[in-house]
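The values are calculated or read from the model by the stated rules, or taken from the named source; none is laboratory data. Computed from a prediction, not measured in an experiment: that's the story for all the values here. Cβ placement follows ideal geometry from the backbone for every residue including glycine, while neighbour counts extend to all protein chains displayed. We work out accessible area using only protein heavy atoms, side chains counted, and drop any ligands, DNA or RNA first. Shrake-Rupley method; radii C 1.70, N 1.55, O 1.52, S 1.80 Å.
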Amino acid sequence: MLGNVRTLILTFLHAFQSRVTVQYPEERPYLPPRYRGRIILSRDPDGEERCVACNLCAVACPVDCISLQKTEEQGRWYPEYFRINFSRCIFCGFCEEACPTYAIQLTPDFEMSEYNRQNLVYEKEDLLISGTGKYPDYSFYHVAGVGIPGKERGTSEHERPPVDLHTLLP
Amino acid sequence: MTLLALVGIVITPLVILGLATLLTWVERRLLGVWQNRCGPNRVGPGGVLQAAADGIKILFKEDWTPPFADKGVFVLAPAIGMMTVLLSFAVIPLTFSSSIAAGLNVGLLFVLAMMGLGVYAVVLAGWASNSKFALLGGMRAAAQMISYEVFMGLALMGVVMMTGSFSLRDIVMAQSGLWFVLPQCVGFVVFLLAGIAETHRLPFDLPEGENELGAGFHTEYSGMKFGMFFIAEYAGIVLVSALITTLYLGGWQGPILPAPIWFTLKTTVLIGFFILLRAALPRPRYDQLMALGWKILLPLSLLNIVVTGAVLLLHTAG
Ligand code: SF4
Ligand code: SF4
(Lines give C-alpha, C1' and ligand atoms only; values in the text may rest on other atoms or scores of the structure.)
(Ligands and ions follow the chains in the order given, each with its own letter.)
Protein backbone atom coordinates (compact mmCIF):
# COMPACT_ATOMS: atom_id res chain seq x y z
CA MET A 1 0.00 0.00 0.00
CA LEU A 2 2.75 2.45 0.97
CA GLY A 3 4.67 1.31 -2.08
CA ASN A 4 1.74 2.30 -4.23
CA VAL A 5 1.60 5.74 -2.66
CA ARG A 6 5.32 6.14 -3.26
CA THR A 7 4.85 5.14 -6.90
CA LEU A 8 2.09 7.72 -7.24
CA ILE A 9 4.29 10.48 -5.84
CA LEU A 10 7.30 9.53 -7.92
CA THR A 11 5.20 9.38 -11.07
CA PHE A 12 3.71 12.76 -10.26
CA LEU A 13 7.18 14.25 -9.88
CA HIS A 14 7.95 13.22 -13.44
CA ALA A 15 5.79 16.16 -14.49
CA PHE A 16 8.64 18.47 -13.52
CA GLN A 17 11.32 16.68 -15.47
CA SER A 18 12.35 17.62 -18.98
CA ARG A 19 10.70 15.97 -21.96
CA VAL A 20 12.55 13.33 -23.93
CA THR A 21 10.45 13.89 -27.05
CA VAL A 22 12.17 15.61 -29.95
CA GLN A 23 9.53 17.82 -31.57
CA TYR A 24 10.53 16.50 -34.94
CA PRO A 25 9.73 18.79 -37.85
CA GLU A 26 10.74 21.93 -35.93
CA GLU A 27 13.55 20.35 -33.96
CA ARG A 28 15.74 17.78 -35.65
CA PRO A 29 17.44 14.84 -34.00
CA TYR A 30 21.16 14.32 -34.46
CA LEU A 31 21.83 11.62 -37.02
CA PRO A 32 25.30 10.08 -36.85
CA PRO A 33 27.27 9.93 -40.11
CA ARG A 34 26.84 6.18 -40.31
CA TYR A 35 23.05 6.37 -39.93
CA ARG A 36 21.45 4.05 -42.46
CA GLY A 37 19.02 6.10 -44.53
CA ARG A 38 18.43 7.01 -48.15
CA ILE A 39 20.83 5.16 -50.48
CA ILE A 40 23.01 6.97 -52.99
CA LEU A 41 25.45 5.98 -55.70
CA SER A 42 28.72 7.88 -55.45
CA ARG A 43 31.36 8.89 -57.98
CA ASP A 44 35.12 8.39 -57.79
CA PRO A 45 37.50 11.35 -57.31
CA ASP A 46 37.70 11.78 -61.09
CA GLY A 47 33.98 12.29 -61.28
CA GLU A 48 33.24 8.95 -62.97
CA GLU A 49 30.58 6.57 -61.75
CA ARG A 50 31.98 4.16 -59.22
CA CYS A 51 29.48 1.39 -59.76
CA VAL A 52 30.84 -1.39 -61.93
CA ALA A 53 27.55 -3.26 -62.22
CA CYS A 54 28.91 -6.32 -60.48
CA ASN A 55 25.49 -7.15 -59.03
CA LEU A 56 26.92 -8.02 -55.61
CA CYS A 57 24.61 -5.54 -53.90
CA ALA A 58 21.59 -7.02 -55.64
CA VAL A 59 22.65 -10.48 -54.50
CA ALA A 60 23.28 -9.36 -50.93
CA CYS A 61 20.00 -7.53 -50.62
CA PRO A 62 17.70 -9.64 -48.40
CA VAL A 63 14.54 -8.18 -49.89
CA ASP A 64 15.67 -8.13 -53.52
CA CYS A 65 14.91 -4.49 -54.05
CA ILE A 66 17.92 -3.61 -56.21
CA SER A 67 17.71 -4.15 -59.91
CA LEU A 68 20.41 -3.26 -62.42
CA GLN A 69 21.71 -4.10 -65.87
CA LYS A 70 25.35 -4.10 -66.88
CA THR A 71 26.66 -2.32 -69.94
CA GLU A 72 30.23 -1.84 -71.11
CA GLU A 73 32.10 1.08 -72.64
CA GLN A 74 35.74 0.63 -73.71
CA GLY A 75 36.49 -1.85 -70.96
CA ARG A 76 34.69 0.09 -68.25
CA TRP A 77 31.57 -1.43 -66.82
CA TYR A 78 28.53 0.69 -66.01
CA PRO A 79 25.03 -0.01 -64.90
CA GLU A 80 22.70 0.69 -67.83
CA TYR A 81 19.94 1.24 -65.33
CA PHE A 82 20.10 1.01 -61.58
CA ARG A 83 16.86 0.90 -59.66
CA ILE A 84 16.17 0.68 -55.91
CA ASN A 85 12.67 0.10 -54.74
CA PHE A 86 12.62 1.99 -51.45
CA SER A 87 9.16 0.76 -50.62
CA ARG A 88 10.79 -2.60 -49.99
CA CYS A 89 14.23 -1.58 -48.77
CA ILE A 90 14.73 -2.29 -45.07
CA PHE A 91 17.87 -0.13 -44.79
CA CYS A 92 19.95 -3.00 -43.54
CA GLY A 93 23.10 -1.72 -45.22
CA PHE A 94 24.09 -5.11 -46.62
CA CYS A 95 24.39 -3.60 -50.09
CA GLU A 96 26.91 -1.10 -48.84
CA GLU A 97 28.93 -3.85 -47.18
CA ALA A 98 28.84 -6.03 -50.28
CA CYS A 99 29.90 -3.34 -52.69
CA PRO A 100 33.57 -3.77 -53.77
CA THR A 101 33.85 -0.20 -55.08
CA TYR A 102 32.18 1.87 -52.33
CA ALA A 103 29.70 2.96 -54.97
CA ILE A 104 26.51 2.30 -53.05
CA GLN A 105 26.29 4.11 -49.70
CA LEU A 106 23.63 4.79 -47.11
CA THR A 107 23.19 8.38 -45.92
CA PRO A 108 21.70 10.02 -42.82
CA ASP A 109 18.46 11.08 -44.50
CA PHE A 110 15.11 9.45 -43.93
CA GLU A 111 12.70 12.07 -45.21
CA MET A 112 11.53 10.34 -48.33
CA SER A 113 7.78 10.02 -47.78
CA GLU A 114 5.59 9.91 -50.86
CA TYR A 115 1.86 9.83 -51.40
CA ASN A 116 2.31 7.52 -54.35
CA ARG A 117 4.09 4.26 -53.73
CA GLN A 118 5.40 4.19 -57.30
CA ASN A 119 7.44 7.30 -56.56
CA LEU A 120 9.54 5.32 -54.10
CA VAL A 121 11.27 3.50 -56.94
CA TYR A 122 14.45 5.50 -57.46
CA GLU A 123 16.23 5.35 -60.81
CA LYS A 124 19.93 5.86 -61.42
CA GLU A 125 19.48 9.61 -62.00
CA ASP A 126 17.84 9.90 -58.58
CA LEU A 127 20.51 7.85 -56.84
CA LEU A 128 23.66 9.19 -58.41
CA ILE A 129 25.31 12.05 -56.57
CA SER A 130 28.18 14.19 -57.86
CA GLY A 131 30.55 13.54 -54.93
CA THR A 132 32.48 10.69 -53.43
CA GLY A 133 30.39 10.15 -50.31
CA LYS A 134 32.13 8.67 -47.30
CA TYR A 135 35.34 7.59 -49.08
CA PRO A 136 36.89 10.65 -50.74
CA ASP A 137 40.08 9.05 -52.11
CA TYR A 138 39.05 5.64 -53.33
CA SER A 139 38.94 4.99 -57.03
CA PHE A 140 38.34 1.38 -58.07
CA TYR A 141 39.93 1.61 -61.51
CA HIS A 142 43.12 3.10 -60.04
CA VAL A 143 43.73 -0.01 -57.95
CA ALA A 144 42.16 -2.67 -60.15
CA GLY A 145 44.16 -4.40 -62.81
CA VAL A 146 41.83 -3.76 -65.71
CA GLY A 147 42.81 -1.52 -68.54
CA ILE A 148 40.62 1.43 -69.38
CA PRO A 149 41.17 4.35 -71.72
CA GLY A 150 43.85 6.58 -70.15
CA LYS A 151 45.21 3.77 -67.96
CA GLU A 152 47.01 0.82 -69.45
CA ARG A 153 47.17 -2.52 -67.68
CA GLY A 154 50.02 -2.61 -65.20
CA THR A 155 49.95 1.07 -64.34
CA SER A 156 47.60 0.92 -61.34
CA GLU A 157 48.79 1.79 -57.87
CA HIS A 158 50.93 -0.96 -56.32
CA GLU A 159 50.70 -2.98 -59.54
CA ARG A 160 53.63 -4.51 -61.35
CA PRO A 161 53.68 -4.50 -65.16
CA PRO A 162 52.07 -7.59 -66.63
CA VAL A 163 54.34 -10.56 -67.20
CA ASP A 164 55.22 -11.19 -70.82
CA LEU A 165 54.23 -14.81 -71.25
CA HIS A 166 56.67 -15.31 -74.05
CA THR A 167 59.64 -14.90 -71.69
CA LEU A 168 58.48 -17.98 -69.85
CA LEU A 169 58.86 -20.15 -72.94
CA PRO A 170 61.76 -22.57 -72.83
CA MET B 1 -41.13 21.57 -13.77
CA THR B 2 -39.64 24.94 -14.37
CA LEU B 3 -38.14 26.19 -17.60
CA LEU B 4 -34.73 26.31 -15.91
CA ALA B 5 -34.82 22.59 -15.18
CA LEU B 6 -35.73 21.87 -18.81
CA VAL B 7 -32.78 23.92 -20.01
CA GLY B 8 -30.63 21.99 -17.54
CA ILE B 9 -31.86 18.70 -18.91
CA VAL B 10 -30.82 19.73 -22.41
CA ILE B 11 -27.53 21.30 -21.45
CA THR B 12 -26.20 18.80 -18.89
CA PRO B 13 -25.79 15.82 -21.28
CA LEU B 14 -24.22 18.06 -23.91
CA VAL B 15 -21.74 19.46 -21.42
CA ILE B 16 -20.96 16.02 -20.02
CA LEU B 17 -20.42 14.55 -23.48
CA GLY B 18 -18.19 17.45 -24.43
CA LEU B 19 -16.24 17.08 -21.19
CA ALA B 20 -15.85 13.34 -21.66
CA THR B 21 -14.57 13.85 -25.19
CA LEU B 22 -12.18 16.53 -24.04
CA LEU B 23 -11.06 14.23 -21.26
CA THR B 24 -9.70 11.72 -23.79
CA TRP B 25 -7.27 14.43 -24.84
CA VAL B 26 -6.59 15.62 -21.29
CA GLU B 27 -5.78 12.08 -20.26
CA ARG B 28 -3.35 11.58 -23.09
CA ARG B 29 -1.64 14.87 -22.40
CA LEU B 30 -1.37 14.16 -18.68
CA LEU B 31 -0.08 10.64 -19.25
CA GLY B 32 2.51 12.21 -21.49
CA VAL B 33 3.43 14.70 -18.79
CA TRP B 34 3.95 11.89 -16.31
CA GLN B 35 5.93 9.79 -18.73
CA ASN B 36 8.37 12.55 -19.81
CA ARG B 37 6.64 12.81 -23.17
CA CYS B 38 4.50 15.53 -24.70
CA GLY B 39 1.36 13.70 -25.70
CA PRO B 40 -0.86 14.86 -28.56
CA ASN B 41 0.02 18.55 -29.01
CA ARG B 42 -0.36 19.15 -32.74
CA VAL B 43 -4.05 19.55 -33.58
CA GLY B 44 -5.18 23.01 -32.57
CA PRO B 45 -3.67 25.07 -29.73
CA GLY B 46 -1.85 22.65 -27.44
CA GLY B 47 -3.65 19.80 -29.18
CA VAL B 48 -7.16 20.44 -27.81
CA LEU B 49 -8.74 19.71 -31.15
CA GLN B 50 -7.31 16.20 -31.02
CA ALA B 51 -10.46 15.11 -29.24
CA ALA B 52 -12.59 16.56 -32.04
CA ALA B 53 -10.38 14.94 -34.67
CA ASP B 54 -10.70 11.56 -32.96
CA GLY B 55 -14.45 12.01 -32.65
CA ILE B 56 -14.82 12.79 -36.35
CA LYS B 57 -12.60 9.88 -37.23
CA ILE B 58 -14.56 7.39 -35.16
CA LEU B 59 -17.83 8.67 -36.62
CA PHE B 60 -16.61 7.81 -40.10
CA LYS B 61 -15.41 4.34 -39.15
CA GLU B 62 -17.46 1.38 -40.24
CA ASP B 63 -19.90 0.44 -37.51
CA TRP B 64 -19.75 -3.31 -37.85
CA THR B 65 -22.01 -5.73 -36.03
CA PRO B 66 -20.56 -9.24 -36.08
CA PRO B 67 -22.88 -11.77 -37.74
CA PHE B 68 -22.64 -14.09 -34.73
CA ALA B 69 -23.70 -11.43 -32.24
CA ASP B 70 -27.11 -11.06 -30.66
CA LYS B 71 -28.05 -7.93 -32.60
CA GLY B 72 -30.65 -6.32 -30.37
CA VAL B 73 -28.70 -6.64 -27.15
CA PHE B 74 -25.47 -5.79 -28.92
CA VAL B 75 -26.88 -2.43 -29.92
CA LEU B 76 -28.62 -1.86 -26.61
CA ALA B 77 -25.57 -2.40 -24.38
CA PRO B 78 -23.58 0.76 -25.21
CA ALA B 79 -26.78 2.79 -25.00
CA ILE B 80 -27.39 1.51 -21.46
CA GLY B 81 -23.85 2.36 -20.46
CA MET B 82 -24.21 5.88 -21.77
CA MET B 83 -27.69 6.42 -20.38
CA THR B 84 -27.03 5.31 -16.82
CA VAL B 85 -23.98 7.54 -16.52
CA LEU B 86 -25.78 10.55 -17.94
CA LEU B 87 -28.83 10.02 -15.74
CA SER B 88 -26.69 9.95 -12.62
CA PHE B 89 -25.62 13.51 -13.29
CA ALA B 90 -29.19 14.66 -12.72
CA VAL B 91 -28.76 14.62 -8.94
CA ILE B 92 -25.25 16.08 -8.70
CA PRO B 93 -25.51 19.60 -7.27
CA LEU B 94 -23.15 21.97 -9.04
CA THR B 95 -24.23 24.74 -6.67
CA PHE B 96 -27.08 25.06 -4.22
CA SER B 97 -29.62 25.93 -6.88
CA SER B 98 -28.11 24.82 -10.19
CA SER B 99 -28.82 21.18 -10.82
CA ILE B 100 -31.69 19.19 -12.25
CA ALA B 101 -32.76 17.27 -9.19
CA ALA B 102 -30.23 17.77 -6.41
CA GLY B 103 -33.02 18.08 -3.91
CA LEU B 104 -34.23 14.54 -4.67
CA ASN B 105 -34.62 13.00 -1.26
CA VAL B 106 -33.19 9.65 -2.42
CA GLY B 107 -30.48 11.24 -4.54
CA LEU B 108 -27.67 9.02 -3.33
CA LEU B 109 -29.75 5.89 -3.78
CA PHE B 110 -30.56 7.05 -7.29
CA VAL B 111 -26.87 7.31 -8.13
CA LEU B 112 -26.18 3.88 -6.65
CA ALA B 113 -29.09 2.44 -8.61
CA MET B 114 -27.82 3.93 -11.84
CA MET B 115 -24.36 2.56 -11.17
CA GLY B 116 -25.94 -0.81 -10.52
CA LEU B 117 -27.73 -0.61 -13.85
CA GLY B 118 -24.46 0.39 -15.47
CA VAL B 119 -23.21 -3.15 -14.85
CA TYR B 120 -25.77 -4.34 -17.38
CA ALA B 121 -24.01 -2.40 -20.12
CA VAL B 122 -20.78 -4.37 -19.77
CA VAL B 123 -22.38 -7.70 -18.98
CA LEU B 124 -24.81 -7.51 -21.89
CA ALA B 125 -22.06 -6.29 -24.19
CA GLY B 126 -19.91 -9.26 -23.23
CA TRP B 127 -22.80 -11.66 -23.55
CA ALA B 128 -24.22 -10.36 -26.82
CA SER B 129 -20.83 -10.31 -28.52
CA ASN B 130 -20.87 -14.10 -28.42
CA SER B 131 -17.11 -14.45 -28.29
CA LYS B 132 -14.81 -15.85 -25.63
CA PHE B 133 -12.85 -12.76 -24.75
CA ALA B 134 -15.89 -10.53 -24.63
CA LEU B 135 -17.71 -13.03 -22.42
CA LEU B 136 -14.76 -13.35 -20.05
CA GLY B 137 -14.53 -9.58 -19.87
CA GLY B 138 -18.24 -9.31 -19.20
CA MET B 139 -18.08 -11.93 -16.44
CA ARG B 140 -15.17 -10.18 -14.79
CA ALA B 141 -16.99 -6.89 -15.03
CA ALA B 142 -20.08 -8.37 -13.42
CA ALA B 143 -18.16 -9.88 -10.52
CA GLN B 144 -16.01 -6.81 -10.00
CA MET B 145 -18.71 -4.21 -10.23
CA ILE B 146 -21.29 -6.06 -8.18
CA SER B 147 -18.87 -6.79 -5.37
CA TYR B 148 -17.45 -3.29 -5.31
CA GLU B 149 -20.93 -1.85 -5.32
CA VAL B 150 -21.46 -3.49 -1.94
CA PHE B 151 -18.65 -1.59 -0.25
CA MET B 152 -19.46 1.50 -2.19
CA GLY B 153 -22.93 1.56 -0.68
CA LEU B 154 -21.64 0.64 2.77
CA ALA B 155 -18.92 3.28 2.66
CA LEU B 156 -21.51 5.90 1.82
CA MET B 157 -23.62 4.97 4.81
CA GLY B 158 -21.20 6.84 7.06
CA VAL B 159 -21.90 10.05 5.16
CA VAL B 160 -25.62 9.41 5.19
CA MET B 161 -25.58 8.77 8.92
CA MET B 162 -23.74 11.99 9.63
CA THR B 163 -26.11 13.97 7.42
CA GLY B 164 -29.32 12.16 8.18
CA SER B 165 -30.41 12.48 4.56
CA PHE B 166 -29.95 10.82 1.18
CA SER B 167 -30.26 14.10 -0.67
CA LEU B 168 -26.97 15.21 -2.15
CA ARG B 169 -27.81 18.86 -1.54
CA ASP B 170 -28.32 18.18 2.17
CA ILE B 171 -25.08 16.25 2.26
CA VAL B 172 -23.17 19.23 0.89
CA MET B 173 -24.95 21.59 3.30
CA ALA B 174 -23.98 19.35 6.21
CA GLN B 175 -20.31 19.85 5.29
CA SER B 176 -20.32 23.61 5.77
CA GLY B 177 -18.28 23.26 8.95
CA LEU B 178 -16.01 20.34 8.22
CA TRP B 179 -15.61 18.35 5.01
CA PHE B 180 -16.54 14.70 5.49
CA VAL B 181 -13.18 13.61 4.16
CA LEU B 182 -11.75 14.06 7.68
CA PRO B 183 -14.30 12.33 9.92
CA GLN B 184 -15.07 9.81 7.18
CA CYS B 185 -11.51 9.21 6.00
CA VAL B 186 -11.94 5.43 5.97
CA GLY B 187 -15.17 5.72 4.04
CA PHE B 188 -13.46 8.12 1.67
CA VAL B 189 -10.68 5.68 0.84
CA VAL B 190 -13.09 2.78 0.40
CA PHE B 191 -15.38 4.86 -1.78
CA LEU B 192 -12.45 6.06 -3.87
CA LEU B 193 -11.25 2.51 -4.52
CA ALA B 194 -14.77 1.32 -5.20
CA GLY B 195 -15.27 4.26 -7.54
CA ILE B 196 -12.22 3.28 -9.56
CA ALA B 197 -13.43 -0.30 -9.74
CA GLU B 198 -16.93 0.88 -10.62
CA THR B 199 -15.75 2.88 -13.63
CA HIS B 200 -13.39 -0.02 -14.43
CA ARG B 201 -10.50 2.37 -14.81
CA LEU B 202 -6.89 1.42 -14.45
CA PRO B 203 -5.55 -0.05 -12.23
CA PHE B 204 -8.86 -1.90 -11.84
CA ASP B 205 -9.62 -2.27 -15.54
CA LEU B 206 -9.73 -6.04 -15.46
CA PRO B 207 -12.91 -6.25 -17.57
CA GLU B 208 -10.89 -4.75 -20.40
CA GLY B 209 -7.46 -6.15 -19.59
CA GLU B 210 -5.91 -5.54 -22.99
CA ASN B 211 -3.01 -7.90 -22.57
CA GLU B 212 -5.06 -10.90 -21.55
CA LEU B 213 -8.54 -10.39 -23.02
CA GLY B 214 -8.00 -8.47 -26.23
CA ALA B 215 -10.21 -5.59 -25.22
CA GLY B 216 -12.51 -7.43 -22.83
CA PHE B 217 -16.21 -6.80 -23.09
CA HIS B 218 -15.95 -4.43 -26.06
CA THR B 219 -13.67 -6.64 -28.15
CA GLU B 220 -16.29 -6.98 -30.89
CA TYR B 221 -17.37 -3.35 -30.90
CA SER B 222 -16.29 -0.88 -33.52
CA GLY B 223 -17.12 2.58 -34.74
CA MET B 224 -19.39 4.76 -32.68
CA LYS B 225 -20.68 1.90 -30.51
CA PHE B 226 -17.16 1.47 -29.21
CA GLY B 227 -16.98 5.24 -29.00
CA MET B 228 -20.01 5.22 -26.74
CA PHE B 229 -18.39 2.79 -24.32
CA PHE B 230 -15.32 4.94 -24.39
CA ILE B 231 -17.16 8.17 -23.77
CA ALA B 232 -19.30 6.52 -21.09
CA GLU B 233 -16.13 5.47 -19.32
CA TYR B 234 -14.82 9.02 -19.31
CA ALA B 235 -18.20 10.40 -18.29
CA GLY B 236 -18.00 7.81 -15.49
CA ILE B 237 -14.73 9.33 -14.32
CA VAL B 238 -16.33 12.75 -14.25
CA LEU B 239 -19.29 11.30 -12.38
CA VAL B 240 -17.23 9.57 -9.71
CA SER B 241 -15.03 12.63 -9.28
CA ALA B 242 -18.09 14.85 -8.95
CA LEU B 243 -19.60 12.39 -6.48
CA ILE B 244 -16.49 12.31 -4.32
CA THR B 245 -16.41 16.11 -4.40
CA THR B 246 -20.03 16.24 -3.34
CA LEU B 247 -19.88 13.57 -0.69
CA TYR B 248 -16.50 14.10 0.90
CA LEU B 249 -14.92 17.35 -0.26
CA GLY B 250 -17.67 19.78 0.55
CA GLY B 251 -19.17 20.12 -2.91
CA TRP B 252 -19.42 23.72 -4.01
CA GLN B 253 -18.35 25.11 -0.65
CA GLY B 254 -15.13 27.01 -0.23
CA PRO B 255 -13.86 30.46 0.65
CA ILE B 256 -13.53 33.50 -1.68
CA LEU B 257 -14.09 31.85 -5.06
CA PRO B 258 -17.66 31.43 -6.35
CA ALA B 259 -19.41 28.10 -5.83
CA PRO B 260 -19.24 26.60 -9.37
CA ILE B 261 -15.51 27.32 -9.52
CA TRP B 262 -14.90 25.44 -6.29
CA PHE B 263 -16.89 22.49 -7.52
CA THR B 264 -15.07 22.42 -10.86
CA LEU B 265 -11.71 22.81 -9.18
CA LYS B 266 -12.20 19.91 -6.80
CA THR B 267 -13.61 17.69 -9.52
CA THR B 268 -10.73 18.52 -11.84
CA VAL B 269 -8.15 17.65 -9.22
CA LEU B 270 -9.86 14.31 -8.64
CA ILE B 271 -9.98 13.59 -12.37
CA GLY B 272 -6.28 14.36 -12.49
CA PHE B 273 -5.76 11.90 -9.65
CA PHE B 274 -7.67 9.23 -11.59
CA ILE B 275 -5.35 9.75 -14.53
CA LEU B 276 -2.30 9.72 -12.26
CA LEU B 277 -3.45 6.33 -11.00
CA ARG B 278 -3.45 5.10 -14.56
CA ALA B 279 0.00 6.49 -15.19
CA ALA B 280 1.51 5.01 -12.04
CA LEU B 281 -0.01 1.71 -11.02
CA PRO B 282 -0.03 -1.71 -12.67
CA ARG B 283 -3.16 -3.82 -12.85
CA PRO B 284 -3.54 -6.35 -9.99
CA ARG B 285 -4.36 -9.99 -10.60
CA TYR B 286 -8.05 -10.82 -10.59
CA ASP B 287 -8.02 -12.77 -7.33
CA GLN B 288 -6.02 -9.96 -5.69
CA LEU B 289 -8.72 -7.55 -6.72
CA MET B 290 -11.43 -9.72 -5.22
CA ALA B 291 -9.41 -10.37 -2.07
CA LEU B 292 -8.82 -6.66 -1.59
CA GLY B 293 -12.53 -6.08 -1.95
CA TRP B 294 -13.99 -8.77 0.25
CA LYS B 295 -11.23 -9.22 2.83
CA ILE B 296 -10.12 -5.62 3.40
CA LEU B 297 -12.61 -3.11 2.08
CA LEU B 298 -15.75 -4.86 3.28
CA PRO B 299 -14.62 -5.18 6.93
CA LEU B 300 -13.25 -1.63 6.79
CA SER B 301 -16.52 -0.18 5.58
CA LEU B 302 -18.49 -2.16 8.18
CA LEU B 303 -16.14 -0.94 10.88
CA ASN B 304 -16.60 2.57 9.58
CA ILE B 305 -20.36 2.28 9.94
CA VAL B 306 -20.11 0.90 13.47
CA VAL B 307 -17.67 3.57 14.65
CA THR B 308 -19.60 6.37 13.00
CA GLY B 309 -22.81 5.10 14.55
CA ALA B 310 -21.22 4.84 17.99
CA VAL B 311 -19.76 8.34 17.84
CA LEU B 312 -23.05 9.79 16.65
CA LEU B 313 -24.92 8.01 19.45
CA LEU B 314 -22.50 9.32 22.06
CA HIS B 315 -22.92 12.84 20.70
CA THR B 316 -26.71 12.76 20.77
CA ALA B 317 -26.69 11.10 24.19
CA GLY B 318 -24.18 13.58 25.61
S1 SF4 C 1 19.88 -1.46 -47.43
FE2 SF4 C 1 19.46 -3.65 -47.40
S3 SF4 C 1 17.37 -3.80 -48.15
FE4 SF4 C 1 18.10 -1.77 -48.72
S5 SF4 C 1 18.88 -2.00 -50.76
FE6 SF4 C 1 20.61 -2.29 -49.38
S7 SF4 C 1 20.69 -4.50 -49.04
FE8 SF4 C 1 18.71 -4.06 -49.92
S1 SF4 D 1 26.68 -0.67 -56.41
FE2 SF4 D 1 28.53 -1.75 -55.89
S3 SF4 D 1 27.88 -3.85 -55.48
FE4 SF4 D 1 26.20 -2.84 -56.56
S5 SF4 D 1 26.58 -3.33 -58.71
FE6 SF4 D 1 27.56 -1.38 -58.34
S7 SF4 D 1 29.62 -1.87 -57.82
FE8 SF4 D 1 28.48 -3.78 -57.63
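Here are some notes:
- Answer residue from the stretch A:1-22, given it is over 17 Å from residue B:273 (Cα atoms) and more than 7 Å from chain B (Cβ to nearest Cβ) and is most open to solvent (accessible area, probe 1.4 Å) among those: A:18
- Selection of helices (runs of 4 or more DSSP H) fully inside the stretch B:259-318 by the criterion of at least 2 residues being in the same structural domain as residue B:92 (by TED's automatic domain parsing), over 17 Å from the mean Cα position of the chain (by Cα) and of a type in the set (S, T, N, Q) returns B:298-317.
- Long-range neighbours under 9 Å by Cβ, at least six apart or interchain, first residue over 13 Å from residue B:237 (Cβ atoms) within the stretch B:83-96, second among the basic types (Lys, Arg): B:91/B:169; B:93/B:169; B:96/B:169
Table: residues versus (1) farther than 30 Å from residue B:94 by Cα; (2) within 14 Å of chain A (Cβ to nearest Cβ).
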site	(1), (2)
B:11	no, no
B:30	no, yes
B:52	no, no
B:70	yes, no
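- Subset of the stretch B:32-50 that is away from chain A (no Cβ under 14 Å) and open to solvent by less than 40 Å² (accessible area, probe 1.4 Å) - its residue that is nearest to residue B:237 (Cα to Cα): B:50
- Condition met for residue B:300 (of a type outside the set (Asp, Glu), open to solvent by 50 Å² or more (accessible area, probe 1.4 Å) and in contact with a helix residue (DSSP H, G or I) (Cβ under 6 Å, 6 or more places away or on another chain)): yes
- Members of the stretch A:117-170 that are hydrophobic (A, V, I, L, M, F, W, C), assigned to a strand (DSSP E or B) and under 19 Å from residue A:96 (Cβ atoms): A:128
- Taken over the stretch B:111-125, the criterion of being within 14 Å of the chain's Cα centre (by Cα) and open to solvent by 60 Å² or more (accessible area, probe 1.4 Å) is satisfied by B:117 alone.
- Some residue of the stretch B:88-104 being part of a helix (DSSP H, G or I), at pLDDT 85 or above and surrounded by fewer than 20 Cβ atoms within 10 Å (Cβ to Cβ): no
Conditions (1) open to solvent by less than 10 Å² (accessible area, probe 1.4 Å); (2) touching a Gly at 6+ places or on another chain (Cβ under 6 Å); (3) part of a helix (DSSP H, G or I), marked per residue:
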{"residue": "B:197", "(1), (2), (3)": "yes, no, yes"}
{"residue": "B:207", "(1), (2), (3)": "yes, yes, no"}
{"residue": "B:224", "(1), (2), (3)": "no, no, yes"}
{"residue": "B:236", "(1), (2), (3)": "yes, no, yes"}
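- Selection of the stretch B:282-296 for residues being touching a helix residue (DSSP H, G or I) at 6+ places or on another chain (Cβ under 8 Å), more than 25 Å from residue B:30 (Cβ to Cβ) and within 12 Å of chain A (Cβ to nearest Cβ) yields only B:292.
- Counting residues in the stretch B:64-73 that are under 25 Å from the mean Cα position of the chain (by Cα), hydrophobic (A, V, I, L, M, F, W, C) and in the same structural domain as residue B:122 (by TED's automatic domain parsing) gives one or more.
- Residues (within 14 Å of chain A (Cβ to nearest Cβ) and either over 24 Å from residue B:197 (Cβ atoms) or open to solvent by 30 Å² or more (accessible area, probe 1.4 Å) (or both)) located in the stretch B:247-281: B:269, B:273, B:278
- Residues (away from ligand 2 (no atom under 12 Å from the Cβ) and over 20 Å from residue A:126 (Cα atoms)) located in the stretch A:47-75: A:62, A:63, A:72, A:73, A:74, A:75
- Applying the set (1) closer than 27 Å to residue B:258 by Cα; (2) in contact with a helix residue (DSSP H, G or I) (Cβ under 6 Å, 6 or more places away or on another chain) to residue B:162 leaves exactly one unmet item: (2).
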